[in-house]
1. If you check Ala30, Ala94, which single one turns out to be farther than 19 Å from Leu13 by Cα and either among the aliphatic types (A, V, I, L, M) or modelled with pLDDT of 95 or more (or both)?
2. Checking the conditions here, which among Asp123, Asp95, Asp40 is open to solvent by 40 Å² or more (accessible area, probe 1.4 Å), farther than 14 Å from Tyr17 by Cβ and in a strand (DSSP E or B)?
3. Which is among the basic types (Lys, Arg), closer than 17 Å to Thr16 by Cα, surrounded by 14 or more Cβ atoms within 10 Å (Cβ to Cβ) and touching a helix residue (DSSP H, G or I) at 6+ places or on another chain (Cβ under 9 Å), of Arg86, Arg113?
4. Quick one: which residue in Ala106, Ala65, Ala101, Ala54 is assigned to a strand (DSSP E or B), more than 21 Å from Ala12 (Cα to Cα) and at pLDDT 95 or above?
Amino acid sequence: MTDTTTTTDTGALLDTYFEMWRTTDPAERAALVAQAFTEDGRHVDQHADATGHAELVEMITGVHAGFPGFQMARTSGLDRFGDQVRFSWELNAADGSPIVAGLDVAEVAADGRLQRVTGFWGDLPEA
């Protein structure tokens, strides 16, 4: 497998990804989704399964409706090999109180955008 995307490119992609979650402007959100995800990109976690730009925008809009003013940030460095990248994040309420933290594993498409993001919420279960 050839990896033609640099760590800097991956960092910029994930900066766009997190800005896509944070923005409250619907037009900006749609533009950031298109910048971050392929046309058939998918985000799946315990609470949502969205494929394509329109569904991704709808999913994020729903999070904003449920948690007005939320804050979302990456809480780790990037761990990438080939087309796979993982990183941790946290979602906090507008007052800064924690809602949930998690880990995402993403597949980066050949064009440098996200093909798929799989989100895991909370800590791993004990052995």
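The values are calculated or read from the model by the stated rules, or taken from the named source; none is laboratory data. This one's a predicted model, so the numbers in the text were calculated from it and none came from an experiment. Using ideal geometry, Cβ is built from the backbone for each residue, glycine included, and neighbour counts are taken over all protein chains shown. In case anyone asks, the SASA skips ligands and DNA or RNA and just uses the protein heavy atoms, side chains included. Shrake-Rupley method; radii C 1.70, N 1.55, O 1.52, S 1.80 Å.
1. Exactly one residue qualifies, and that residue is Ala94.
2. Going through Asp123, Asp95, Asp40 in turn, the sole match is Asp40.
3. Selected residue: Arg113, the only one of Arg86, Arg113 that is among the basic types (Lys, Arg), closer than 17 Å to Thr16 by Cα, surrounded by 14 or more Cβ atoms within 10 Å (Cβ to Cβ) and touching a helix residue (DSSP H, G or I) at 6+ places or on another chain (Cβ under 9 Å).
4. Ala101
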